[in-house]
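A.B. asks: Before we start, here is the structure in question, set down as structure tokens.
The values are calculated or read from the model by the stated rules, or taken from the named source; none is laboratory data. Keep in mind that this is a model prediction, so the values were computed, not measured. Every residue, glycine among them, receives a Cβ derived from its backbone with ideal geometry; neighbour counts consider all protein chains shown.
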Amino acid sequence: MSEQLIRDFFDAINQRDYSRIKTYITEDYIYHLDEDHSWTGYQATIMEQLKPFIEKDQLFFKIIRIEDEGDTFLVWSTKESAEAGDQLEQYAEKFLIQNGKIAEQWMLGRK
């Protein structure tokens, strides 16, 4: 169930369906980019950070693998540019699921 939640979250991002994205995250959802940068809540994380980032370069994310660790999931994905048709980077992220929604997300690394 939670793995499908993550897949649906990525699908909503790729569809640019921001109202649907909101249904997958908790009200106090936190996104941790690195030790110095994190944002809390839908407006700060999705509308002010994610939306401009993905729309600027017409980015899409493709899940490569998901590992279930109980309440947390490790997700490997690629970032691709629809405009350039190129795979740009690979990402590793961790998701914390609480009460059927994504509560926190951590960027673990990219290459």
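A.B. asks: Determine which single condition residue 93 fails, assuming it passes every other condition in (1) modelled with pLDDT of 90 or more; (2) surrounded by fewer than 17 Cβ atoms within 10 Å (Cβ to Cβ); (3) acidic (Asp, Glu).
C.D. replies: Here residue 93 clears every test but (2).
A.B. asks: Return the residue satisfying two criteria in turn: it lies in region 3-12 and is in contact (Cβ under 8 Å) with a residue 60 or more places away in the chain and either loosely packed, with under 13 Cβ neighbours inside 10 Å or among the aromatic types (Phe, Trp, Tyr) (or both), and of such residues it is farthest from residue 81 (Cα to Cα).
C.D. replies: Quick first cut of region 3-12, residues in contact (Cβ under 8 Å) with a residue 60 or more places away in the chain only: 3, 5-6, 9-10.
Cutting the leftovers down to either loosely packed, with under 13 Cβ neighbours inside 10 Å or among the aromatic types (Phe, Trp, Tyr) (or both) gives us 9-10.
On the way: 9: 18, 10: 15 Å.
Among residues in region 3-12 that are in contact (Cβ under 8 Å) with a residue 60 or more places away in the chain and either loosely packed, with under 13 Cβ neighbours inside 10 Å or among the aromatic types (Phe, Trp, Tyr) (or both), the one farthest from residue 81 (Cα to Cα) is 9.
A.B. asks: What are the residues in region 97-111 that are closer than 16 Å to residue 74 by Cβ and either surrounded by 16 or more Cβ atoms within 10 Å (Cβ to Cβ) or polar (S, T, N, Q) (or both), if any? Show your work before the answer.
C.D. replies: If we filter region 97-111 for residues that are closer than 16 Å to residue 74 by Cβ, which is where we start, we get 97, 102-111.
97, 102, 103, 104, 105, 106, listed by residue number.
A.B. asks: Now a separate question. Mind checking which residues of region 44-62 are among the hydrophobic types (A, V, I, L, M, F, W, C), modelled with pLDDT of 85 or more and not in a strand (DSSP E or B)?
C.D. replies: 44, 46, 47, 50
A.B. asks: Can you name every residue in region 13-37 that is buried (at least 17 other Cβ atoms within 10 Å of the Cβ) and either free of Cβ contacts under 8 Å to residues at least 40 places away in the same chain or polar (S, T, N, Q) (or both)?
C.D. replies: Matches in region 13-37: 21, 26.
A.B. asks: Another question about this same structure. Can you spot a residue in region 32-43 that is assigned to a strand (DSSP E or B), under 18 Å from residue 6 (Cα atoms) and not aliphatic (A, V, I, L, M)? Explain how you work it out, then say what you get.
C.D. replies: Filtering region 32-43 down to residues assigned to a strand (DSSP E or B) leaves 32-34, 37-40.
Cutting the leftovers down to under 18 Å from residue 6 (Cα atoms) gives us 32-33.
Those left that are additionally not aliphatic (A, V, I, L, M): 32.
Yes, some residue in region 32-43 is assigned to a strand (DSSP E or B), under 18 Å from residue 6 (Cα atoms) and not aliphatic (A, V, I, L, M).
Results for (1) farther than 22 Å from residue 97 by Cα; (2) of a type outside the set (S, T, N, Q), shown as yes or no for each residue.
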{"position": "6", "(1), (2)": "no, yes"}
{"position": "24", "(1), (2)": "no, yes"}
{"position": "29", "(1), (2)": "no, yes"}
{"position": "32", "(1), (2)": "no, yes"}
{"position": "38", "(1), (2)": "no, no"}
{"position": "41", "(1), (2)": "no, yes"}
{"position": "56", "(1), (2)": "yes, yes"}
{"position": "77", "(1), (2)": "no, no"}
